[in-house]
Amino acid sequence: HTKSIGRNTYSYFTHAMNKEVSRRLAIEEQIHGALERNELSVHYQIQLDILDGSIMGAEALLRWNNPTLGSVSPAEFIPIAEQTGVIEPMGEFILKRALEAAKTWQNQFNDNFRVAINLSPRQFRNPHLVQAIKDQVELMGMKPDDLELEITEGVLLSGHAYTLEALMKLSKAGFCISMDDFGTGYSSLSYLRTYPFKILKIDRSFINDMNKDEKSHELIIATIEMAHALGIQVIAEGVETQEQLDELSFMMCDYAQGFLISKPAPFDELLQIGENYKELHQQIVKQAKPSS
Ligand code: C2E
Ligand code: MG
Ligand code: MG
Ligand code: MG
């Protein structure tokens, strides 16, 4: 009897594993021409200034839609893009798109709007990364200040001298460098000491738990205080409820990003939000500051 359960379990896992392996193989196979076949697009998610309720900027996030695979999440394809090297042309693509979007937004709404892109470890191995970013920004008539570069500790873990050098150059040139997903992984405090971060993004797992778990709540308070003492601003990621936003406002968190404010959306939808923003803004600010 035990034996047959064992065998069923075995075949169940083999089946699941085969499915996983074949999907991975299909992703590896399809990812190569994805850019050329126009299967990639960029979605934007608003970053809200909690203090005055204005739109500070937006994070650009890659989307991939393939005829056979359907929509593939970045969590699934970015690691493969990293390994195969296609992250390089993808990175150029999103940089260009994001800057175009920021320029359009600035012309239509406000000059201070900033767009954020994510940079992955592989991109730092390219010795021309810094110059390529500078050139693209200049070519489009934008300022370094218009671009936020988000990196996770995966970029820093290697501890390569060229990563530090590239980040220092980018920072000196005026680009805004952010530490993404702060609080997950190793998140060594020495990163904050060594690297020129202007912004720290608290990982959404903490925000998700903040009203259920005392420790998460206290860790957010301590992180905001520590960041501010270092002259670093804070973005809370994954804000999904008004209760969380109110609490973050009370904690003096600078910015919020999450489904409550907006889901990542195509640029024309973002523009639509911008058009209707006065209302949304009043709603959010009113609720975030019940006393005023
Ligand atoms: P990330 O940089 O931390 O981006 C935030 C992720 O959280 C996005 O997932 C976003 O859709 C999701 N998110 C935002 N607000 C909420 C919320 O309120 N609730 C929940 N549950 N989720 C929320 P997405 O778009 O699936 O991207 C996943 C990750 O893939 C990103 O995490 C980033 O690390 C990577 N990624 C996406 N686009 C790029 C890219 O162009 N280049 C690189 N190198 N990585 C990228
Ligand atoms: Mg990010
Ligand atoms: Mg993040
Ligand atoms: Mg993340």
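Quick one: C253, C176, fewest Cβ neighbours within 10 Å first, how do they rank? It would help to have the intermediate numbers written out before the result.
Numbers: C253 26, C176 21.
Fewest-to-most ranking of C253, C176: C176, C253.
Using a Gaussian network for the chain with springs between C-alpha atoms less than 10 Å apart, which of these wobbles most: L167, L119, L69? Among L167, L119, L69, the largest mean-square fluctuation in the Gaussian network model of the chain belongs to L69. If you sort the three axes of the alpha carbon gyration tensor as a ≥ b ≥ c, you get a/c of 1.5 or more for segment 73-113 and a/b above b/c, which makes it prolate. From helices alone, the chain scores -16000 deg cm²/dmol at 222 nm; the rule is -39500 (n - 2.57) for each run of n ≥ 4 DSSP H residues, then divide by the residue total.
Of the DSSP H helices in the chain, those with a Cα length along their own long axis of 18 Å or more and a mean Kyte-Doolittle hydropathy reaching 0.0 comprise 214-229. With a Förster radius of 45 Å applied to the beta-carbon distance between F109 and A75, the computed FRET efficiency rounds to 0.90.
The simple spin-label model puts a point 7 Å past each Cα toward its Cβ; for Y162 and I273 those points are separated by 3.6 nm. Segment 204-233 and segment 104-119 have Cα centres lying 27 Å from one another. Residue separation of S190 and K143 scaled by 0.36 nm, minus their Cα-Cα distance, works out to 14.0 nm of gained length.
Taking Cα pairs under 8 Å and at least six residues apart, what relative contact order does the chain come out at, in percent? Could the numbers behind the result be given before it?
Working: 411 pairs, mean separation 52.4, N = 292.
Result for the chain is 18 percent.
Treat the count of other C-beta atoms within 10 Å as a stand-in for reagent exposure and order R23, R114 from fewest to most. Write down the numbers at each step before the final one.
Working: R23 13, R114 20.
Result, fewest neighbours first: R23, R114.
Since only I78, Q30, A116 are under comparison, the one whose Cα sits farthest along the positive direction of the charge dipole of segment 1-126, derived from C-beta charges on Lys, Arg, Asp and Glu, is Q30. Under the convention that each Lys and Arg Cβ holds +1 and each Asp and Glu Cβ holds -1, the size of the dipole of the chain around its Cα centre is about 680 debye. Measure up K143/K172; K134/K201; K134/K263; K19/K263; K172/K198; K198/K263 against 22 Å on the Cα-Cα distance and list the ones that go over. Result: K134/K201; K134/K263; K19/K263; K198/K263 exceed 22 Å. Can you tell me how segment 58-196 classifies by the Cα gyration tensor, rounded, prolate or oblate, using a/c under 1.5 as the rounded cut? Taking the square roots of the gyration eigenvalues as a ≥ b ≥ c, segment 58-196 is oblate.
Taken together, the values in this text are just the output of simple stated rules run on the coordinates, not laboratory data. These figures come from a predicted structure and were not determined experimentally. Please note: Cβ atoms are built from the backbone with ideal geometry, for glycine as well, and neighbour counts cover all protein chains shown.
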